[in-house]
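Notes follow once the structure below has been shown.
The values are calculated or read from the model by the stated rules, or taken from the named source; none is laboratory data. No experiment lies behind these values; they were computed from the predicted model shown. For neighbour counting, all protein chains shown are included, and Cβ atoms are generated from backbone atoms with ideal geometry for every residue, glycine included.
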Amino acid sequence: MTPTARETFERWQRSVLDHAPGDMAYDHLHDDVVVEWPFSPPGRPRRIEGRAAFEAFARPARAALPVRFEEFRDVVVHQTADPEVIVAEYTLAGTVLPAGRRAAAAFVTVLRVRDGKVIHIREYQDVVTMAAALGDAPAVPDGR
């Protein structure tokens, strides 16, 4: 049976938390995947087309990221009228290395899965919180 969009998202979550090596981290992606980050900070891509191009960008970026991801919190998956598409809201938490401090950031991901592979991802990231956690920007109040 072909995995659903939700099952594919769950498989991706496991690969992130298991720190999947090599191709296992990308085996859920279709060769023609389109990955978009509409709110990317300056100097970062907003769109990448194709699995090979995404891997060429993501492998070194992931290797250089000084974070060990440990938990998906507050995960809510919304089914849509299109069975290929889900919208996932979540907080991704982990430890910023080598300082050993915990950090978390919110995400909303729109995922289209066809034949068990991700064909399109649009990810909305809390880039300000992520930059502050990595020491790239001043911390901002959380408004509570």
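Can you say whether Arg122 is more than 22 Å from Pro41 (Cα to Cα) and either assigned to a strand (DSSP E or B) or touching a residue at least 60 places away in the same chain (Cβ under 8 Å) (or both), as far as the supplied structure shows?
no
Here's a check for you: in segment 1-24, which residue that is of a type in the set (Gly, Ala, Ser) and free of Cβ contacts under 8 Å to residues at least 60 places away in the same chain is surrounded by the fewest Cβ atoms within 10 Å (Cβ to Cβ)?
Out of the qualifying residues, it is Gly22.
When the residues of segment 14-52 are narrowed to those that are assigned to a loop (DSSP other than H, G, I, E, B) and of a type in the set (Ser, Thr, Tyr), which ends up nearest to Ala99 (Cα to Cα)?
Among those that are assigned to a loop (DSSP other than H, G, I, E, B) and of a type in the set (Ser, Thr, Tyr), it is Ser40.
So is Gly94 assigned to a strand (DSSP E or B) and either at pLDDT below 95 or surrounded by fewer than 16 Cβ atoms within 10 Å (Cβ to Cβ) (or both) or not?
Yes; evaluated as a whole, the condition is true for this residue.
For segment 42-52, which positions are surrounded by fewer than 14 Cβ atoms within 10 Å (Cβ to Cβ) and either more than 21 Å from Gly94 (Cβ to Cβ) or touching a residue at least 60 places away in the same chain (Cβ under 8 Å) (or both)?
Pro42, Gly43, Pro45, Arg46, Arg47, Glu49, Ala52
Being assigned to a helix (DSSP H, G or I), acidic (Asp, Glu) and under 25 Å from Leu134 (Cα atoms) narrows it down to one residue among Glu70, Glu7, Glu89, Glu55; which is it?
The unique qualifying residue is Glu55.
Could you tell me whether Glu84 is in contact (Cβ under 8 Å) with a residue 60 or more places away in the chain and acidic (Asp, Glu)?
yes
Do we have Asp27 as among the acidic types (Asp, Glu), surrounded by fewer than 12 Cβ atoms within 10 Å (Cβ to Cβ), closer than 17 Å to Trp12 by Cα and out of contact with any Phe, Trp or Tyr (no Cβ under 9 Å at 6 or more places or on another chain) here?
Considered against the rule, which asks whether it is among the acidic types (Asp, Glu), surrounded by fewer than 12 Cβ atoms within 10 Å (Cβ to Cβ), closer than 17 Å to Trp12 by Cα and out of contact with any Phe, Trp or Tyr (no Cβ under 9 Å at 6 or more places or on another chain), Asp27 comes out as no.
Taking Gly100 as meeting all but one of (1) surrounded by fewer than 16 Cβ atoms within 10 Å (Cβ to Cβ); (2) among the small types (Gly, Ala, Ser); (3) under 13 Å from the mean Cα position of the chain (by Cα), write down the number of the exception.
Tallying (1) surrounded by fewer than 16 Cβ atoms within 10 Å (Cβ to Cβ); (2) among the small types (Gly, Ala, Ser); (3) under 13 Å from the mean Cα position of the chain (by Cα), Gly100 fails exactly one: (3).
Working only within segment 103-113, note down all residues that are crowded, with 17+ Cβ neighbours inside 10 Å and not aliphatic (A, V, I, L, M).
Residues satisfying the conditions are Thr109, Arg112.
Which numbered condition in (1) free of Cβ contacts under 8 Å to residues at least 60 places away in the same chain; (2) over 20 Å from Thr8 (Cβ atoms) is the only one that Ala58 fails?
Tallying (1) free of Cβ contacts under 8 Å to residues at least 60 places away in the same chain; (2) over 20 Å from Thr8 (Cβ atoms), Ala58 fails exactly one: (2).
Just to be sure I understand, how many residues within segment 76-86 are in a strand (DSSP E or B) and touching a helix residue (DSSP H, G or I) at 6+ places or on another chain (Cβ under 8 Å)?
Matching residues across segment 76-86 total 4.
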